[in-house]
Amino acid sequence: MKLDITDTVLSSFERIYSKATLGVIGAGLALLVFLAAGFMLGGALSTVSGVLGGLVMLLTFVAYIAGAGMLTVGALRAFDEETIRKEMFTENILWPFLRILGANITTQAFIIAILYVVLYPLLLVGMMGSVASMSTAMTGAAATSMMAGLAPLMGVGALIALLLSLYVFASLVLALPRIAVNDSRLFQGLDESVQFTSGNRLRVMVSFIPFVLLMAVAFGGMFQEGVIGMIIYLLGALIGAFYNLALMTELNERLE
């Protein structure tokens, strides 16, 4: 079945306007408050004992990582059901979180491999050309002409690497909700993602355009001075993050 991009995007935004968003915001704020309080306590104790203060900070950081795992898995479950329940963040968390971590590492490894295979030869050719121009009697105009000739080739290589990376991402993007929501194992989730996105990968990529635009708005807010810039950044980043989670769960529901 072909994915309806417009309906998918609209339904994903509808998931944002649910109880799930408020619950995830509350859990995230609680986690940040815990982290800040733990480090403040550790800093205060460091004036008495450096070892004790460092131990408190270390334990705080470990607890924060555990909380981040609970938040990641729970947020996907919350946006899947468009509501919030304590069990989403407390039951069957460890293994799904480790599998999600493994799925992210696998996806990034594929993308890095693509970038290496496609771009490294082009960079090597460019470096060899630069060395040749410096070690021979090649005139400045000739060296410039050679590098100008290599520039389009490197541009095409970069475009190919980008498209292949997006293809890999679109193929494996369902692994996260499959693991968190459907309790799939790591390689089972990756395999199911490849199967279920088959024939719809271009549509999956297009459905992530609002996320890219929201991140661009957040990035632009960083260059605005004062409170307005901070508000633009926070709104863009938060809505973008929520849209990313909502879209993954929406795709997981539709592409089965």
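Observations
- When you restrict to C-alpha pairs under 8 Å that are six or more residues apart and normalise by the size of the chain, the relative contact order lands at 25 percent.
- Available extension along the chain between Glu256 and Ala66 is 65.3 nm, counting 0.36 nm per residue and deducting the alpha carbon span.
- Dipole in debye (nearest 20) - the chain, about Cα centre, beta carbon charges: Lys, Arg +1; Asp, Glu -1: 320 debye
- Placing a label point 7 Å from the Cα of Ser18 along the Cα-to-Cβ direction, the residues of region 203-247 with a backbone N closer than 17 Å are 239-247.
- Neighbourhood net charge (10 Å Cβ-Cβ; Lys/Arg +1, Asp/Glu -1) for Ala246: -3
- On the principal axes of its alpha carbon atoms, the chain extends 70, 62, 41 Å, with the longest extent given first.
- R0 of 30 Å, Cβ-Cβ distance Leu163-Phe187: FRET efficiency to nearest 0.05: 0.75
- Taking the Kirkwood radius as Rh and the Cα radius of gyration as Rg, region 147-256 has a ratio of Rg/Rh equal to 1.10.
- Under the span-like rule (Cα at least 30 Å along the axis, Kyte-Doolittle mean at least -1.0), DSSP H helices of the chain: 19-46, 50-81, 94-135, 140-172, 226-254
- With the simple spin-label model, which puts each label point 7 Å out from Cα in the Cβ direction, the Leu58 to Leu235 separation comes to 4.5 nm.
Values in this text are rule-based calculations from the coordinates and carry no lab data. Remember, predicted model here, so these are calculated numbers, not experimental data. Ideal geometry is used to build each Cβ from the backbone, glycine not excepted, and the neighbour counts take in all protein chains shown.
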